[in-house]
1. Could you grab me the full set of residues in segment 14-48 that are over 19 Å from Y75 (Cα atoms) and of a type in the set (A, V, I, L, M, F, W, C)?
2. So R65 ticks every box in (1) at pLDDT 95 or above; (2) in contact with a strand residue (DSSP E or B) (Cβ under 7 Å, 6 or more places away or on another chain); (3) among the basic types (K, R) but one. Which box is left unticked?
3. Please count how many residues of segment 14-72 are loosely packed, with under 13 Cβ neighbours inside 10 Å, outside any loop (DSSP other than H, G, I, E, B) and out of contact with any Lys or Arg (no Cβ under 8 Å at 6 or more places or on another chain).
4. How many residues are part of a loop (DSSP other than H, G, I, E, B), farther than 13 Å from L85 by Cα and at pLDDT 95 or above when one looks only at segment 1-13?
5. Can you name the residue in segment 73-98 that is assigned to a helix (DSSP H, G or I) and touching a strand residue (DSSP E or B) at 6+ places or on another chain (Cβ under 8 Å) and is also farthest from V17 (Cα to Cα) among such residues?
6. Just a yes or no: is a residue in segment 3-13 touching a helix residue (DSSP H, G or I) at 6+ places or on another chain (Cβ under 6 Å), farther than 16 Å from I79 by Cα and buried (at least 16 other Cβ atoms within 10 Å of the Cβ)?
Amino acid sequence: MSAAIDSGSVMRFPVGVRLQHDRTRERWVLLAPERVIELDDIAHAVLTHIDGRSNVEAIVAALARDYGADPGEIYGDVIDLFSTLMEKRMLAFAPQLT
């Protein structure tokens, strides 16, 4: 990975990757060409905030508010999830808007 994810990082799904409810599996999945990743409820909750505009700090704050959890605990989990998905090329940095 070329750059580290931090609180100011803004993420997006690469072209061809999308969050979708799979009726056959009866669960949320991350779909990419020839790949499917089944998501647990926590991963789904995090990934619903990926919009190409919200940074990690905003996503963590929204999750902490929605679930009444400590942002410090959520932050590490979000970074781990995003890092794993970046390694699998299922998530990318959004272009920087100037």
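The values are calculated or read from the model by the stated rules, or taken from the named source; none is laboratory data. Please read all numbers here as calculations on a predicted model, not as lab measurements. Here Cβ is always computed from backbone atoms with ideal geometry, including for glycine, and neighbour counts include all displayed protein chains.
1. Start the filter on segment 14-48 by keeping residues that are over 19 Å from Y75 (Cα atoms), which leaves 14-38.
Within segment 14-48, V15, V17, L19, W28, V29, L30, L31, A32, V36, I37 qualify.
2. (2)
3. 8
4. Residues in segment 1-13 being part of a loop (DSSP other than H, G, I, E, B), farther than 13 Å from L85 by Cα and at pLDDT 95 or above: 4 in total.
5. Of segment 73-98, the ones assigned to a helix (DSSP H, G or I) are 73-87.
Then keep just the ones that are touching a strand residue (DSSP E or B) at 6+ places or on another chain (Cβ under 8 Å); that gives 82, 85-86.
Numbers: F82: 14, L85: 11, M86: 12 Å.
Applying the filter and picking the extreme gives F82.
6. Taking every residue of segment 3-13 in turn, none turns out to be touching a helix residue (DSSP H, G or I) at 6+ places or on another chain (Cβ under 6 Å), farther than 16 Å from I79 by Cα and buried (at least 16 other Cβ atoms within 10 Å of the Cβ).
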